[in-house]
Amino acid sequence: MMQTMTTTTATLEAFRTSGSDRDRDALLRALVAAEGRAVRRLCRTHERDPSRQEELEQDVWVAVWRALPQFRGDASLRTFVFRVAHNVAARHVSVAVRQVDEASERVAEPTAETTDPGQRMDRRRQRAELERAVAALPLVDRQLVSSWLEGMSTAEIAAIAGMTVTNTTTRLSRARRRLMASLGRTT
């Protein structure tokens, strides 16, 4: 991870210096390497259909590429990527709601991190259950919880959502309680 951050930082500086499409492409590749899995998980929380998840993820990365020249450095690159991803995902959801597309109810299976088939199945079931519970939350809560599950700080989540830290903390706390209740767990 440290190597990826160093590469991303160096690539950002090269892009800021030159502004060339080649350096922007290199920066995007570094960001995909650093944040690709997290963006993929965010897309899974906003879209259940695996093929549309891929489309959403591609749309996110295209939007990040287009937005890179506007990156001012007010927040981290990670926060910037997630802010763009949130905006693209929110637009995707609003379009899907208007179209009332009741396509697939499937949830993509995450990659296994263990070789024990029983543990893999249990982990897949738990992850699918969590993804369904997150997807059932209202859009803003979904964004907050998804960012929280990615290990972001409250300040980073607030920057992504365009809220104050206090409001983010309150809403995130309530969203986590609703999520835990829907999973049948107590806080």
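The values are calculated or read from the model by the stated rules, or taken from the named source; none is laboratory data. Nothing here was measured: the structure is a model prediction, and the numbers come from that model. When we count neighbours, we look across all protein chains shown, and the Cβ atoms used for this are built from the backbone with ideal geometry, even at glycine.
A few points about this structure:
- Test result for Thr11, over 24 Å from Ala89 (Cβ atoms) and surrounded by 17 or more Cβ atoms within 10 Å (Cβ to Cβ): yes
- Spans of helices (runs of 4 or more DSSP H) in region 50-158 with at least 1 residues at pLDDT below 85: 77-99, 117-136, 139-149
- Residue check, Phe71 of a type outside the set (A, V, I, L, M), within 24 Å of Ser146 (Cβ to Cβ) and over 17 Å from the mean Cα position of the chain (by Cα): yes
- Some residue of region 15-38 being buried (at least 17 other Cβ atoms within 10 Å of the Cβ), at pLDDT below 80 and over 15 Å from the mean Cα position of the chain (by Cα): yes
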